[in-house]
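Asker: Just passing along the structure, written as structure tokens.
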Ligand SMILES: Nc1ncnc2c1ncn2[C@@H]1O[C@H](COP(=O)(O)OP(=O)(O)O)[C@@H](O)[C@H]1O
Ligand SMILES: [Mg+2]
């Protein structure tokens, strides 16, 4: 940890900055999951990361979240604090909803914890469930609590690891709108990991494709939000991404 | 047959002389004897002595058991040092240690309390250890992402997560505590419910023996009720409680 302290400062202008990140599991000659990966995310930028299952998306996110050590020769400099929402809500079942959210507060802000948790929960539309136990929440509600817990940190970098994957289609669409709304209001640099191409095209400023341990495609998308999914440009972008992911929609 | 019918039949058999008081006293006689012992202050005294032994033994046993479980549960080194010996000792029926305890501690209060302590340490150890190790690792990771240090993880994630198991252990420990008490009080006691029963045996007083047995049963029920109340209050977040 100490050895990497000099890498811990945010990149220039608060940019999230990843250079030469290599990660392999097992023997030293095993094919790396992440292979000298480079990645930049501008302040306030919404980036979506697409990749086939097993391509290393979660591995990258875990390193950014500080759960896995940064290799010696890599550079990882992130705007702090970092907040994460995982695929499962991972709420502590023995804490009421608002206390789960308060857990997200940085140490120095725990004084007015209740008020700040309440405010965050109001933003995700859960003011009426402050004192509920997590076991009584629906899947969508639990995921909104997890979002509130991430937002209450006022993160410089928000990491989302397939947070909508376990939700039904209707709830997922509502969550898309909610996340865009929250992002527009708080403007954290956001990295959304997903395997849903439509989701990536609908939400992000920039869509990346991870394959072979590197970013192999980087498509900007400056269409105005909210984005209609039935336009020609939406379809064109979706096709390019699917193509790069090895999925051919238009059979010959 | 309902229990009430059984008691009535029992009373009838005693009244008609089919059941000798030397075999089993009548329910009415047991009630009267119980009342007499209560009024004379004899019963409360013996009860207090027995409760004192259980309380002292439990305090020691639960502290030691929980302490060892924390050491073994929270560090690999602790597990290596603590868990293997405890698992080995566990296979020994601890009541078989009574003769050794008498040699070591004499025949006073010490061996009785020690037996209760030994018996109660195992269930709390085993369940708390399993509870700590069973905490969802992803919850601990989440805690780390949100900046919890070791102490914070212990307080917010590990200990609350292990609590349901710990309470199961507590319930078992309480059960074992009464069992150990019964055995311990067979050994040269001069007070306590066990003494009351032993003394009554020498005088063929089945009514007094029955009063003692009923008391043991009531105390066991009470202990179980106490754990149940604890569970309702401490585990209110569990889906089973939430939905009911
Ligand atoms: N702790 C680990 N030990 C061994 N292999 C792992 C570990 N974590 C991930 N992997 C492997 O790394 C690859 C990438 O995994 P992951 O990052 O979870 O993919 P994704 O999130 O893109 O589906 C997979 O082949 C997976 O089996
Ligand atoms: Mg993944």
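The values are calculated or read from the model by the stated rules, or taken from the named source; none is laboratory data. Just so it is clear, the structure is predicted and the values come from calculations on it, not from any experiment. Every residue, glycine as well, gets a Cβ built from its backbone with ideal geometry; the counts of neighbours run over all protein chains shown.
Asker: Restrict the check to segment A:120-130 and report whether at least one residue is touching a helix residue (DSSP H, G or I) at 6+ places or on another chain (Cβ under 6 Å) and within 14 Å of chain B (Cβ to nearest Cβ).
Answerer: Yes.
Asker: Right, something else. Could you check segment A:35-48 and list, in sequence order, the residues that are within 16 Å of ligand 2 (Cβ to nearest atom) and either in contact with a helix residue (DSSP H, G or I) (Cβ under 6 Å, 6 or more places away or on another chain) or over 23 Å from residue A:243 (Cα atoms) (or both)?
Answerer: Initial filter on segment A:35-48 (within 16 Å of ligand 2 (Cβ to nearest atom)): A:37, A:48.
A:48 - this is the single residue of segment A:35-48 that is within 16 Å of ligand 2 (Cβ to nearest atom) and either in contact with a helix residue (DSSP H, G or I) (Cβ under 6 Å, 6 or more places away or on another chain) or over 23 Å from residue A:243 (Cα atoms) (or both).
Asker: Next question, about the same structure. Where residues in segment A:62-80 are closer than 12 Å to residue A:23 by Cα and within 16 Å of ligand 2 (Cβ to nearest atom), which of them is surrounded by the most Cβ atoms within 10 Å (Cβ to Cβ)? Spell out the reasoning first.
Answerer: Within segment A:62-80, the first condition is being closer than 12 Å to residue A:23 by Cα, and the residues that meet it are A:62-63, A:68-74.
Among the residues that remain, those that are also within 16 Å of ligand 2 (Cβ to nearest atom) are: A:62-63, A:68.
Values: A:62: 18, A:63: 21, A:68: 13.
Per the stated criteria, the residue is A:63.
Asker: So, one more: What helices (runs of 4 or more DSSP H), lying completely within segment B:133-194, carry at least 2 residues that are surrounded by 20 or more Cβ atoms within 10 Å (Cβ to Cβ)? Don't jump to the end; show me each part of the working.
Answerer: Numbers: elements: B:137-145, B:150-153, B:159-184.
Per the criteria, B:137-145, B:159-184.
Asker: Evaluate segment A:86-102: report whether one residue or more is within 16 Å of ligand 2 (Cβ to nearest atom) and within 18 Å of residue A:183 (Cβ to Cβ).
Answerer: For segment A:86-102, residues within 16 Å of ligand 2 (Cβ to nearest atom) and within 18 Å of residue A:183 (Cβ to Cβ): present.
Asker: Moving on. Hey, could you check segment A:147-163 for residues that are within 16 Å of ligand 2 (Cβ to nearest atom) and surrounded by fewer than 24 Cβ atoms within 10 Å (Cβ to Cβ) and say which is farthest from residue A:76 (Cα to Cα)?
Answerer: Checking each candidate, the answer is A:162.
Asker: Further question on the same structure: Residues A:178, A:192, A:160, A:203: which one is away from chain B (no Cβ under 14 Å), within 16 Å of ligand 1 (Cβ to nearest atom), within 20 Å of residue A:83 (Cα to Cα) and touching a residue at least 40 places away in the same chain (Cβ under 8 Å)?
Answerer: A:192
Asker: If you don't mind, another one. Inside segment A:29-98, counting only strands (runs of 3 or more DSSP E) that do not spill past its ends, which hold 1 or more residues that are under 19 Å from residue B:143 (Cα atoms) and facing chain B (nearest Cβ under 10 Å)? Walk me through how you get there before you give the answer.
Answerer: Details: elements: A:34-41, A:46-50, A:75-77, A:82-85.
Once the strands (runs of 3 or more DSSP E) in segment A:29-98 are filtered for at least 1 residues that are under 19 Å from residue B:143 (Cα atoms) and facing chain B (nearest Cβ under 10 Å), what remains is A:82-85.
Asker: Further, regarding this structure: Of these, A:196, A:218, A:181, A:205, which one is surrounded by fewer than 21 Cβ atoms within 10 Å (Cβ to Cβ) and at pLDDT below 95? I'd like the intermediate steps shown before the answer.
Answerer: Numbers: A:218 fails: at pLDDT below 95; A:181 fails: at pLDDT below 95; A:205 fails: at pLDDT below 95.
Exactly one of A:196, A:218, A:181, A:205 is surrounded by fewer than 21 Cβ atoms within 10 Å (Cβ to Cβ) and at pLDDT below 95, namely A:196.
Asker: Another question about this same structure. Can you pull out the residues in segment A:131-155 that are within 9 Å of chain B (Cβ to nearest Cβ) and farther than 27 Å from residue A:168 by Cα?
Answerer: Matches in segment A:131-155: A:153 only.
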